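Heads up, the thing below is written out as structure tokens.
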Amino acid sequence: MDMSELIDPFARLIEDVCTPAAIRAIEQGDETASLWNAFVESGFLDALVAEDAGGAGLSLSDAAPLIALLGRHAVPLPVADTMIARALLAAAGITAPEGPIAIATGTGAVPFAGVASHILSGAPEAPVLTEAVAEATGVHHDTDAYVAGVDGKALRPIAAVVRALLISGAAGRVMEMTVAYANERVQFGKPIGKQQAVQQQLSLLAEQAVAARIAGAIGARAGLQPALADAAIAKHGASLAAGQVAAIAHAVHGAIGISEEYDLQLLTRRLHGWRLADGSESYWAGILGELRLGDAAKSSAQFICGA
Amino acid sequence: MDMSELIDPFARLIEDVCTPAAIRAIEQGDETASLWNAFVESGFLDALVAEDAGGAGLSLSDAAPLIALLGRHAVPLPVADTMIARALLAAAGITAPEGPIAIATGTGAVPFAGVASHILSGAPEAPVLTEAVAEATGVHHDTDAYVAGVDGKALRPIAAVVRALLISGAAGRVMEMTVAYANERVQFGKPIGKQQAVQQQLSLLAEQAVAARIAGAIGARAGLQPALADAAIAKHGASLAAGQVAAIAHAVHGAIGISEEYDLQLLTRRLHGWRLADGSESYWAGILGELRLGDAAKSSAQFICGA
Amino acid sequence: MFETLTLSTLPAEDEAIRPALRALIQEAIADLPVHRRARSWQGFDAAFSRKLGQAGYLGLSLPKEYGGMGRGPFTRFVVVEELLSAGAPVAGHWIADRQSGPLILRYGTEEQRRFYLPRISRGEALFCIGMSEPGSGSDLASVRSRAEQQADGGWLLNGQKIWTTNAMHSDYMIALVRTSGTSDDRQQGLSQLIVDLKAPGITIRPIVDLTGDAHFAEVFFEDVRLAPDALIGAEGQGWKQVVAELAFERSGPERIYSSVVLMDAWVRHLDAVGRKDSATLRLVGSLMAQQAVLREMSLAVTARLVAGESPVVEASLMKDLGTSFEQAVPQLIGDDLAANPDEPVDPELYRTLLYVTHIAPSFSLRGGTREILRGIIARGLGLR
Amino acid sequence: MFETLTLSTLPAEDEAIRPALRALIQEAIADLPVHRRARSWQGFDAAFSRKLGQAGYLGLSLPKEYGGMGRGPFTRFVVVEELLSAGAPVAGHWIADRQSGPLILRYGTEEQRRFYLPRISRGEALFCIGMSEPGSGSDLASVRSRAEQQADGGWLLNGQKIWTTNAMHSDYMIALVRTSGTSDDRQQGLSQLIVDLKAPGITIRPIVDLTGDAHFAEVFFEDVRLAPDALIGAEGQGWKQVVAELAFERSGPERIYSSVVLMDAWVRHLDAVGRKDSATLRLVGSLMAQQAVLREMSLAVTARLVAGESPVVEASLMKDLGTSFEQAVPQLIGDDLAANPDEPVDPELYRTLLYVTHIAPSFSLRGGTREILRGIIARGLGLR
């Protein structure tokens, strides 16, 4: 299948319905139904559901660019999480509800739980669905929320991969916005992008954005039940990139970047949230370190190629 | 006392006897006696010995600039260690030998043990002196060496402070050499020091060099038995700086910096060795973290001011 | 280089003011949740600022004849350290106390001093600083707001400022504007004017930031008439005055404590859950060690001020290192907390973490971007 | 941007060569101590290089008609990965195999191809590259070595090269020299010449580095006479050819594995002492995760080569990230080992650690300094 047949319409859909204004409205507590319905009607929510269960039967690698697009546009609803949830539920023979599903994997704030109708916990092969009872985090314009009384620890690897893919999409967009800004913004008589110090920073940003994308792809390569090592590499790399990408982008943008009316913050706040969700870089480093030391006789190259 | 009365003659002494050629000779295994005798005859070895025990009775804070000078010129003998050792031995009523004394605080390579006649271990209030039986590290031109069968763990804080002061001296010199090189070296038609990217790197180098000096001074402020927190702050800061200073200096110098005949490496190899000796940055961070969490009700500002 | 930056000790009489000051602060912040205290020098509480003024903690470096306390930078260091490390709301007096007061003392006429300084010391005259304009950023010499001197010696001001901190709470702005020449003249022809923000023709529009706060504002001037004595210092010397002011701005201990409320809340959390593994201990210790060094560096810079020097390069060096640290703190604490995803975290701590994480980019905007500061350091190193 | 860099999979037939190759490598390195293996691409062993050639692991991307293997960049990726990750001594064939062979294939005459390429593929013709000159550094266009064309079409070469890797072991140098114009012409008038290093008038002086090794050399040319066919490619096109060559140099997986022998020795140490605290696990995992991402990035760049592209920007991006990683590894492992000062450390590990620590600055010299690479990336981003 030519993936552009899937990606292009999905990109157009998101650009149509998920404008910065629509994001701001939902972040301010406006209704989510109309945006959600657009995704429901698109049919993409069942992209990962097996064909014999009525879905499109895409692999996670196939769907990775779609998830990255959701990150790229800071879509403020758990579209990717719902895609994962619906695939797991279908595989387990559980009928999925129509509303947005968030995935809860720990005690911290759950991405998009504040705008979800249901929560997925349990394990990939034994998913548990509950109605969303979420408590706001109090963080400004946050759609994440706390969920009590569920255990989704076994879903952490797949959730981490989703977060890595979302980060990679957002990081790519932040890179483009920041390069464009550096070329436009004139200071001391020339675009700031002509300053060598700014160029060096933007190179670092680009390196991290590309690293995040590769990391996300590593996470996606084994499907809905990723190898623990792949999930670890993915989320570690993406989380590491998220912090640096956000920091450099804001440093280059200066004051305008932290004003609410400028769109950069719609993406960087997500980068930070996703960086922390489902285990930060150090969490996954610890997991991978344990795997590595459990196999200490191997060379690092063998460990990595076999991972 | 006007400290320059002490510092200036000490600086002149070192510049006279400890030329780069003299350092290279000792690193290649030549005799150390003539260089050592110059320090013996100078009287500075007893600078920290109490006045009633025949010394100059300097505080460690007073002597800190002297120790930094030893680092600044990469003196390849344990002059500072011997100053500390002689003060501790005198306080304990033990007659010090005339030769160079190294301080062994762990299982790793002991700074200057390869060119020492004696090893100090034990504790500040109960120092133990043994003849130096050292095994070479095999590292190229290393004067550090392994020492077996002694326990000097209790001397680690004061040894760490010595190392921090040596680092601060070497870092300051590396900063000056690197700035001078950047101003001299012409590339693409202008001194590389005019490149904004190089300027930004040199600013970071300067920040770290100054931070190392302040860190060293914190370590020295309480004398020969430093508060554990002070030793931790000192060695953490200096070790952190050592790695960055060496890396930036070499990056700016390019290929010439890693050639044996250029003097930069005489200092940066020391920076790395001292960074690792007597506990690295993470070792001391762990010590300080334990102290901080043992006092968690205090604010950080109170903890630091009281440290 | 930089040998003059050495370990300094605060005089005993300055250390002595801590207990009473601390009591005053504790009273003021007792009911403030952690995420509010984390706002610290963006926290606005006019009543608290006046209380500090009444208790003699403002105008510390101003002479007594102008209502000040006649003490020096060391005293101010102690006060700032106590205020910021506790997360007290200081925005109500901050700029007036730190920058405008010293500026008026240095460049103002006797009348200006007698009029403004006592009120600043009482916490009753709130100032903001009008520097940036749309499109100017760090390039301050490109300002286009313009004040034309009138026949009566007064000024007619037109133009716009942006990113003005606390304009909506302030009584006065000290504005850098063009009074002669054109913007091609760059630093030439700029002057500083004291603008009464209640004057007709002034519109203030708050700028909401990504945390939902509004500390910045746009300020529009439309035919604003100012009296002749609005000029502070000499006509055409505004650039030189601003550079001196910025150097002062970069010298204080405020470059260490922006993330300290978060750090303390995190330490209490670690204590509460009893987490003491090696990674945790090292991170705690590393942050404490860095903060301790920065604090001594800041004190060393203050000592140069006490000695009557203008430690521009040293202050820039400390500030660049300090803001790097302050910006790293929320990233590292976030990583730490999210490295323990099965550990319960107090929502107030998480909220504080995210607030500091989101606002942290502003730390390196205050008083010059990183590139500008490093340029100053490079010049100090003899590289330009 | 950079969307073409995507996850790639090595063809099964390339993966299939690993077992036999690995056996050959293990045999060669069995007796090498760790600190020697850590030298890897600075390790010289002519016999081993010839053995690799005999076994068909060199000249992989050269056509069979010139004695090559007629395979592609993916095969070379596998071979390089196996060699470097094991710490095999590759200096004996490295430059000839990676740079000189492809260069001669691309720009050489049929005679030059037939003469050099089969010998390169057998590991019997060792090459070095003469670019830097005293004072030139990254500014290659400033070279002053000069070859004057003689009446018979031959060349008379005078000048000096410096920092030439492996000159003292090499049979040939491909030198960038001025053949017309003056140094003010910069990139114009430069050519590449193949210099037989046994020719009269050549003096090679090794440069000892801070680890006591001598990988670099100075090479002096005094009236060195070269035949007409010493010219490779077109007269005056040397600059363009060098830029293409550097892009190739930056593309390989060699940008990941420079510190891997140290890393593996350290992992074995951790296993031996049984250290598994949180700080240790996180450091191990963080290094592994970064290496895994870099490896896939490198493979993605290789895939662009396979697709016939010249991924200059992508290769620079990968190299800058890769060398940052390679340089960080010894600092982090040193910190880790010295954070456990009461743990016994194998002297061989410590010696390896210090060797890699000291030589690490050279990692960012090979193939362009950091500033140069980031400039290329910035241009790729559309910033210049």
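The values are calculated or read from the model by the stated rules, or taken from the named source; none is laboratory data. On a predicted model such as this, the values are computed, not experimentally measured, just so you know. Neighbour counts run over all protein chains shown; Cβ positions are idealised from the backbone, glycine included. Accessible surface areas use protein heavy atoms only, side chains included; no ligands, DNA or RNA. Shrake-Rupley method; radii C 1.70, N 1.55, O 1.52, S 1.80 Å.
Every condition in (1) in contact (Cβ under 8 Å) with a residue 40 or more places away in the chain; (2) touching a helix residue (DSSP H, G or I) at 6+ places or on another chain (Cβ under 7 Å); (3) under 21 Å from D:ASP342 (Cα atoms) is met by B:ALA241 except one, and the failing one is (3). Whether any residue in segment A:149-163 is assigned to a loop (DSSP other than H, G, I, E, B), without any contact (Cβ under 8 Å) to a residue 40 or more places away in the chain and either crowded, with 24+ Cβ neighbours inside 10 Å or hydrophobic (A, V, I, L, M, F, W, C) (or both) is what I want to check. Checked segment A:149-163: no residue is assigned to a loop (DSSP other than H, G, I, E, B), without any contact (Cβ under 8 Å) to a residue 40 or more places away in the chain and either crowded, with 24+ Cβ neighbours inside 10 Å or hydrophobic (A, V, I, L, M, F, W, C) (or both).
Kindly indicate the residue of segment A:272-287 that is part of a helix (DSSP H, G or I) and either touching a residue at least 60 places away in the same chain (Cβ under 8 Å) or more than 7 Å from every other protein chain (Cβ to nearest Cβ) (or both) and also surrounded by the most Cβ atoms within 10 Å (Cβ to Cβ) among those meeting that condition. Per the criteria, the residue is A:TRP284.
B:ALA102: more than 14 Å from chain D (Cβ to nearest Cβ) and under 24 Å from D:GLY334 (Cα atoms), yes or no?
yes
For segment A:107-129, filtered to residues that are under 18 Å from A:THR95 (Cβ atoms) and small (Gly, Ala, Ser), the residue that is surrounded by the fewest Cβ atoms within 10 Å (Cβ to Cβ) is A:ALA126. Go through segment D:337-352 and report how many residues are more than 7 Å from chain B (Cβ to nearest Cβ), under 22 Å from B:ARG156 (Cβ atoms) and open to solvent by less than 20 Å² (accessible area, probe 1.4 Å). Of the residues in segment D:337-352, 2 are more than 7 Å from chain B (Cβ to nearest Cβ), under 22 Å from B:ARG156 (Cβ atoms) and open to solvent by less than 20 Å² (accessible area, probe 1.4 Å). Checking D:ALA272, D:ALA279, D:ALA307, D:ALA289 one by one, the residue that is among the aliphatic types (A, V, I, L, M), facing chain A (nearest Cβ under 10 Å) and open to solvent by 30 Å² or more (accessible area, probe 1.4 Å) is D:ALA272 and no other. Among the conditions (1) in contact (Cβ under 8 Å) with a residue 24 or more places away in the chain; (2) closer than 22 Å to B:ARG275 by Cβ; (3) not in a helix (DSSP H, G or I), D:LEU283 misses just one, which is (3).
Taking segment B:58-86 as the range and being within 24 Å of B:ALA148 (Cα to Cα) and not in a loop (DSSP other than H, G, I, E, B) as the test, the residues that pass are B:VAL79, B:ALA80, B:ASP81, B:THR82, B:MET83, B:ILE84, B:ALA85, B:ARG86. Scanning for something assigned to a helix (DSSP H, G or I) and of a type outside the set (Gly, Ala, Ser), does segment D:119-134 turn up at least one residue? Checked segment D:119-134: at least one residue is assigned to a helix (DSSP H, G or I) and of a type outside the set (Gly, Ala, Ser).
In the set (1) farther than 18 Å from C:LEU305 by Cβ; (2) more than 14 Å from chain B (Cβ to nearest Cβ), C:TRP94 fails one condition alone, (1). The set of residues in segment A:183-202 that are facing chain D (nearest Cβ under 10 Å), farther than 13 Å from B:GLN196 by Cα and surrounded by fewer than 19 Cβ atoms within 10 Å (Cβ to Cβ) comprises A:ASN183, A:PRO191.
Residue count for segment C:354-380 under the criterion of being over 30 Å from C:TRP266 (Cα atoms), open to solvent by less than 10 Å² (accessible area, probe 1.4 Å) and touching a residue at least 60 places away in the same chain (Cβ under 8 Å): the result is 2.
Scanning segment A:257-271 for residues that are open to solvent by 10 Å² or more (accessible area, probe 1.4 Å) and either at the interface with chain C (Cβ under 8 Å from one of its Cβ atoms) or free of Cβ contacts under 8 Å to residues at least 60 places away in the same chain (or both) gives A:GLU260, A:GLU261, A:TYR262, A:ARG269. Among residues of segment D:144-165 being under 14 Å from D:GLU218 (Cα atoms) and within 14 Å of chain B (Cβ to nearest Cβ), the one that is surrounded by the fewest Cβ atoms within 10 Å (Cβ to Cβ) is D:THR165.
Taking (1) in a helix (DSSP H, G or I); (2) modelled with pLDDT under 95; (3) in contact with an Asp or Glu (Cβ under 8 Å, 6 or more places away or on another chain) in turn, D:GLY59 satisfies each apart from (1).
If a residue must be within 21 Å of D:TRP155 (Cβ to Cβ) and either surrounded by fewer than 21 Cβ atoms within 10 Å (Cβ to Cβ) or touching a Phe, Trp or Tyr at 6+ places or on another chain (Cβ under 8 Å) (or both), how many such residues does segment D:206-223 contain? So the answer is 4.
The set of residues from segment B:64-97 being on the phi < 0 side of the Ramachandran plot and within 14 Å of another protein chain (Cβ to nearest Cβ) comprises B:ALA64, B:PRO65, B:ALA68, B:LEU69, B:ARG72.
Residue-wise test of (1) at pLDDT below 95; (2) not in a helix (DSSP H, G or I).
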| position | (1), (2) |
| --- | --- |
| B:HIS141 | no, yes |
| B:LEU165 | no, no |
| B:GLY172 | no, no |
| B:ALA180 | no, no |
| B:GLY193 | yes, no |
| B:GLN208 | no, no |
| B:ALA215 | no, no |
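Taken residue by residue, segment C:193-210 has no member that is more than 13 Å from chain A (Cβ to nearest Cβ) and in contact with a Lys or Arg (Cβ under 6 Å, 6 or more places away or on another chain). Output the residues belonging to segment A:236-250 that are open to solvent by less than 10 Å² (accessible area, probe 1.4 Å) and more than 9 Å from every other protein chain (Cβ to nearest Cβ). Once the filter is applied, which keeps residues that are open to solvent by less than 10 Å² (accessible area, probe 1.4 Å) and more than 9 Å from every other protein chain (Cβ to nearest Cβ), segment A:236-250 yields A:ALA238, A:ALA241, A:ALA242, A:VAL245. If you go through segment A:4-26 one residue at a time, do you hit one that is of a type in the set (Asp, Glu), assigned by TED's automatic domain parsing to the domain that holds A:LEU88 and either on the phi > 0 side of the Ramachandran plot or open to solvent by less than 50 Å² (accessible area, probe 1.4 Å) (or both)? No, there is no match, as no residue in segment A:4-26 is of a type in the set (Asp, Glu), assigned by TED's automatic domain parsing to the domain that holds A:LEU88 and either on the phi > 0 side of the Ramachandran plot or open to solvent by less than 50 Å² (accessible area, probe 1.4 Å) (or both). Within segment A:119-147, the set of residues being among the polar types (S, T, N, Q) and free of Cβ contacts under 8 Å to residues at least 24 places away in the same chain comprises just one member, A:THR130.
Which of the residues spanning segment D:35-45 are in contact with a His (Cβ under 7 Å, 6 or more places away or on another chain) and either assigned to a loop (DSSP other than H, G, I, E, B) or within 19 Å of D:PRO118 (Cβ to Cβ) (or both)?
D:PHE44
Being more than 8 Å from every other protein chain (Cβ to nearest Cβ) and not in a loop (DSSP other than H, G, I, E, B) is true of A:ASP230. For segment C:42-88, the candidate set comprises residues that are at positive phi and either aliphatic (A, V, I, L, M) or free of Cβ contacts under 8 Å to residues at least 60 places away in the same chain (or both); within that set, the residue that is least open to solvent (accessible area, probe 1.4 Å) is C:GLY56.
Here A:VAL139 fits the description: surrounded by 24 or more Cβ atoms within 10 Å (Cβ to Cβ) and touching a Phe, Trp or Tyr at 6+ places or on another chain (Cβ under 8 Å).
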